[in-house]
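Shown next, in structure tokens, is the structure this report addresses.
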């Protein structure tokens, strides 16, 4: 759970406990509690971004307002105060159940964070669309198609490099569909991809500390992607390596080209062991 998410949930849990067990709940305290929760919610949305796993926790913000509104609903005189002797116990049990869901859901499906690379270099990254005009594309029926690849490069950057952190996934909406189809899992499980940032700076200048740097090629496996080992690639780049990751079109989960074309994992039907060899 991210930092602001954690503080937001903790405050709302304390607020919920106070609403259940406190005998005296002044109007100003209810409004004050709602205000703090709303500010924490707004800060979380602006800094960290919303995600569906937090919906039960988001709803807790409005409980003080609901309690306040109930005070203005006319009560029936026929209802006795002792009609429900276990009312507080029942409400507390339901609150515990709801709180468990609100806390467990974002913990089970977290927005993961990459560890800071240990090397002395900052990291830059660029992405290219490369086409080999001499190589036929074997995965399409069109005879004139040429082999085209999306390639991402990570490299040691200048110490003064500044800029936007590259996202883990450049086209999260497209990759959500790609992962869902490839892994046969609900699309909602991949919604948090758009919230993940890397340590690489987009388009940063190459470090001039050395005249040359060793180059490594990263080639993903069947149904993988060029940036699937980002944690490892960034660690290598921070220690002075240039790493080139290749999306193998039609064999990667999803390849997204600059003109908007999307190619999902779709190998040839007869791609058995002989073909792969």
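Numerical summary
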item	result
Residue identified as within 25 Å of residue 256 (Cα to Cα) and in contact with a strand residue (DSSP E or B) (Cβ under 9 Å, 6 or more places away or on another chain) among 163, 119	163
Residues satisfying the stated conditions in segment 224-260, i.e. loosely packed, with under 14 Cβ neighbours inside 10 Å and at pLDDT below 90	260
Any hit, segment 237-249, residues being over 16 Å from residue 148 (Cα atoms) and out of contact with any strand residue (DSSP E or B) (no Cβ under 7 Å at 6 or more places or on another chain)	yes
Residue in segment 178-193 that is in a loop (DSSP other than H, G, I, E, B), on the phi < 0 side of the Ramachandran plot and modelled with pLDDT under 90 present	yes
All positions within segment 183-196 that are more than 8 Å from the chain's Cα centre (by Cα) and surrounded by 14 or more Cβ atoms within 10 Å (Cβ to Cβ)	189
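For every residue, the table says whether it meets (1) under 20 Å from the mean Cα position of the chain (by Cα); (2) in contact (Cβ under 8 Å) with a residue 60 or more places away in the chain.
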| site | (1), (2) |
| --- | --- |
| 202 | yes, yes |
| 213 | no, no |
| 219 | no, no |
| 229 | yes, no |
| 235 | no, yes |
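The values are calculated or read from the model by the stated rules, or taken from the named source; none is laboratory data. Please read these numbers as outputs of a predicted model, since none were measured by experiment. With ideal geometry, Cβ positions are generated from the backbone for all residues, glycine too; neighbour counts draw on all protein chains shown.
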